[in-house]
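Input: a single structure, listed below in structure tokens.
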Amino acid sequence: MNLTISLPDDLQAKLEAAAQADGKTVADVYTEAAERYIAHRDLDDLGRRGRAYAQSLDRKPSDVLRLIDDARRGR
């Protein structure tokens, strides 16, 4: 898929320099940025759902961290 985007000139210059320094194409960097954006959104959503679920069980964040630690230790 082809996509046209507009970036401020200074950001575009930084992006091109970073891509070249990393041995990547600008398209590679755009793809990586989009993948990271989606992963970040998914992680934020998971956190929101987890907090809502914990709250529905009347659990505090400290309770959740303790339960995770217990589960990791096999308790």
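Read-outs throughout are calculated quantities, based only on the coordinates presented, and are distinct from any laboratory measurement. Predicted model, so just to flag it, every value in this text is computed and none were measured. Using ideal geometry, Cβ is built from the backbone for each residue, glycine included, and neighbour counts are taken over all protein chains shown.
With +1 on each Lys and Arg Cβ and -1 on each Asp and Glu Cβ, how big is the dipole of the chain about its Cα centre, in debye rounded to the nearest 20?
That gives the chain a dipole magnitude of about 700 debye.
Angle check, please: helix 9-21 long axis (alpha carbons) against the longest principal axis of the chain (alpha carbons), in degrees 0 to 90, nearest 10.
The answer is roughly 80 degrees.
For a test of the definition: using alpha carbon positions, the gyration tensor, and the 1.5 limit on a/c, classify region 25-72 as rounded, prolate or oblate. Show your work: numbers first, answer last.
Details: a/c = 6.04, a/b = 2.74, b/c = 2.20.
Prolate shape, in that a/c is at least 1.5 and a/b is the bigger ratio.
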